[in-house]
């Protein structure tokens, strides 16, 4: 069985890259964005386990073995970004290779053909939308279908990352794990991501038919206590 969730953060997001990092001992925590699938899969499995434990009046370690196989059967089959109810896909690398201005309202679009030759197609609706220094990075599913059929996507089917999210710098200071007090001179810096208005994640989940996943819920993603709404 498959179910799709729209995940809407209510705060900024920080998904750290896999490089080792110890707050306070290293000055920079590196952001990985867009994130991998693991945080969403872990959050969904944890939510299911928490609901089971609450329903049975037990603690999670006491029931984990009973539901381990069900948890393993949950997998993520789809991940994308959604803007204004339109799922977006990463733009294929070969969609835009070169731009050349012809007149005030016409450009040349060059795309590699099957014979590895350049195909020039004039377009009239993309003026001032994209430059080589700030290219589009995402495309709607409709635009991707047009691309697969050999047609040219329209301008409103393309999105730059600056239209989807923005980055913010934050400064933190580490805590003494024993005293729960701040440590002197142990500052570090993080770059967090803030999704723009109308932007969410779209996650497709495949699971065993015997598992009853919640349709809507809220949960914390990561150790910062940030909340995401799943629906």
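Any idea which of 225, 198 is on the phi > 0 side of the Ramachandran plot and modelled with pLDDT under 80? From the options 225, 198, the qualifying one is 225. Answer with yes or no whether residue 108 is in a strand (DSSP E or B) and either surrounded by 13 or more Cβ atoms within 10 Å (Cβ to Cβ) or modelled with pLDDT of 50 or more (or both). Against the criterion (in a strand (DSSP E or B) and either surrounded by 13 or more Cβ atoms within 10 Å (Cβ to Cβ) or modelled with pLDDT of 50 or more (or both)), residue 108 qualifies.
Would the stretch 65-75 turn up any residue that is modelled with pLDDT of 85 or more, assigned by TED's automatic domain parsing to the domain that holds residue 202 and touching a strand residue (DSSP E or B) at 6+ places or on another chain (Cβ under 7 Å)?
Initial filter on the stretch 65-75 (modelled with pLDDT of 85 or more): 65-75.
Retained after the next criterion (residues that are assigned by TED's automatic domain parsing to the domain that holds residue 202): 65-75.
Next, only the ones that are touching a strand residue (DSSP E or B) at 6+ places or on another chain (Cβ under 7 Å) stay: 74-75.
Yes, the stretch 65-75 contains at least one residue that is modelled with pLDDT of 85 or more, assigned by TED's automatic domain parsing to the domain that holds residue 202 and touching a strand residue (DSSP E or B) at 6+ places or on another chain (Cβ under 7 Å).
Of all the numbered requirements in (1) more than 20 Å from residue 203 (Cα to Cα); (2) modelled with pLDDT of 65 or more; (3) not assigned by TED's automatic domain parsing to the domain that holds residue 208, residue 142 misses one, and that requirement is (1). When residues of the stretch 137-153 are filtered for being in contact (Cβ under 8 Å) with a residue 24 or more places away in the chain and surrounded by 15 or more Cβ atoms within 10 Å (Cβ to Cβ), how many remain? Residues that pass the stated criteria total 8.
The values are calculated or read from the model by the stated rules, or taken from the named source; none is laboratory data. Predicted model, so just to flag it, every value in this text is computed and none were measured. Using ideal geometry, Cβ is built from the backbone for each residue, glycine included, and neighbour counts are taken over all protein chains shown.
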